[in-house]
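The structure under discussion appears below in the form of structure tokens.
The values are calculated or read from the model by the stated rules, or taken from the named source; none is laboratory data. Model, not experiment: these values are computed from the prediction. For neighbour counting, all protein chains shown are included, and Cβ atoms are generated from backbone atoms with ideal geometry for every residue, glycine included. SASA here: full protein model, heavy atoms, side chains in, ligands and nucleic acids out. Shrake-Rupley method; radii C 1.70, N 1.55, O 1.52, S 1.80 Å.
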Amino acid sequence: MRRDDTKVIHIGNVAIGGGNPIAIQSMTNTRTEDVQATVKQILALEKVGCEIIRCAVPTMEAAEALREIKKQIHIPLVADIHFDYRLAIAAIENGADKIRINPGNIGDISRVKTVVDKAKEYNIPIRVGVNSGSLEKNLVEKYGGVTAEGIVESALDKVRMIEELGYDNLVVSIKSSDVLMCVKAHELIAEQCQYPLHVGITEAGTVLSGNIKSSVGLGIILHEGIGDTIRVSLTGDPLEEIKSAKLILRTLGLRKGGIEVVSCPTCGRTKIDLIGLANQVEEMVQDIPLDIKVAVMGCVVNGPGEAKEADIGIAGGIGEGLLIKKGEIVKKVKEDKLLETLREELLNWGK
Ligand code: SF4
């Protein structure tokens, strides 16, 4: 189903599906057993806009740590479980707001039932996750390899298994590192599934390739009206995942808010370190809750004109720059003061 029509599912205090805003997720890369380090990372992720956080639960100690972690954070906490159903039970008992399992690797049906019954008791959703890498042999044979059709059949089999156990508080995720296969799989499953879809390109790669693959894949899927919650998977700092996810949603017009930074590509007229400055500006605006456009332009020849569409901007000169508002030059600023002048202006915006 398209996102406006999917079932509404509550993960802690965040509702997804049924046209709710697309929620941004990430996953911690600290040891979950290390409560202090994990909480520190989650709080940093919250600050840049993470709305749901998932932690790996590979041990009983990690499952127990969830209780303490949850007390110190403000966003829903999802437990990521593989293989051991007892970890799923412990994660739920220790306060997980959702669990992510692949019923295919949890064990026989009685074990899956034990997990489902526990989720039912605590009324928390189960995310049924299927990855192309772990597609069952019979489906690989049936479809002549790993295919979108196979991934979808595998996911829907698991969904039906849990429905038959009497539970429909579900979120579904199907992932592939092959972007076009992932797109096709989402198009297919959206036609057959009422549950919200968690969308991501798995094993997308390092910051550069991960961002590109995720932007292309998520861009197409989300633009087709599919997907209720997303994660941009990067081999890198999880904070980068949130920044990328926000940018993807904003670029698609699926989210308002936050400062949009536009910057020129630089050319032979650029006389300041614009690349460095643009990166610093992008970083600097992360914690400022404004919904405006900021331009960072390389020169005073075309900069002010090109920055006309921005609410505020800076344009580089020789050792100095211009502060510009709506295309009008407001004042000249020394190059080494440009960043702090801009921040000052943003912090006092509208005052
Ligand atoms: S704004 Fe100036 S420096 Fe930047 S690309 Fe345009 S002409 Fe070149």
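If you check 268, 313, which single one turns out to be more than 30 Å from residue 182 (Cα to Cα), out of contact with any Phe, Trp or Tyr (no Cβ under 8 Å at 6 or more places or on another chain), open to solvent by less than 20 Å² (accessible area, probe 1.4 Å) and within 16 Å of the ligand (Cβ to nearest atom)? Going through 268, 313 in turn, just one is more than 30 Å from residue 182 (Cα to Cα), out of contact with any Phe, Trp or Tyr (no Cβ under 8 Å at 6 or more places or on another chain), open to solvent by less than 20 Å² (accessible area, probe 1.4 Å) and within 16 Å of the ligand (Cβ to nearest atom): 313.
Close Cβ contacts (under 7 Å, 6 or more residues apart or on different chains) running from residues in the range 79-106 that are open to solvent by 30 Å² or more (accessible area, probe 1.4 Å) to residues that are among the acidic types (Asp, Glu) comprise 104/136.
The single condition among (1) aliphatic (A, V, I, L, M); (2) within 24 Å of residue 286 (Cβ to Cβ); (3) surrounded by 17 or more Cβ atoms within 10 Å (Cβ to Cβ); (4) in contact with a helix residue (DSSP H, G or I) (Cβ under 6 Å, 6 or more places away or on another chain) that residue 247 does not satisfy is (4).
A count restricted to the range 57-72 and to residues that are open to solvent by 40 Å² or more (accessible area, probe 1.4 Å) and either assigned to a loop (DSSP other than H, G, I, E, B) or not basic (Lys, Arg) (or both) stands at 7. Answer yes or no as to whether residue 75 is among the aliphatic types (A, V, I, L, M) and either surrounded by fewer than 17 Cβ atoms within 10 Å (Cβ to Cβ) or under 22 Å from residue 198 (Cα atoms) (or both). Against the criterion (among the aliphatic types (A, V, I, L, M) and either surrounded by fewer than 17 Cβ atoms within 10 Å (Cβ to Cβ) or under 22 Å from residue 198 (Cα atoms) (or both)), residue 75 qualifies. Listed by position, the helices (runs of 4 or more DSSP H) contained in the range 116-211 that have at least 2 residues being open to solvent by less than 20 Å² (accessible area, probe 1.4 Å) are 148-164, 179-192. Within the range 308-332, residues that are free of Cβ contacts under 8 Å to residues at least 60 places away in the same chain reach partners that are open to solvent by 90 Å² or more (accessible area, probe 1.4 Å) and within 15 Å of the ligand (Cβ to nearest atom) with beta carbons closer than 7 Å, at six or more positions or on different chains, in the pairs 316/271; 317/271; 318/271; 322/329; 326/308; 327/308.
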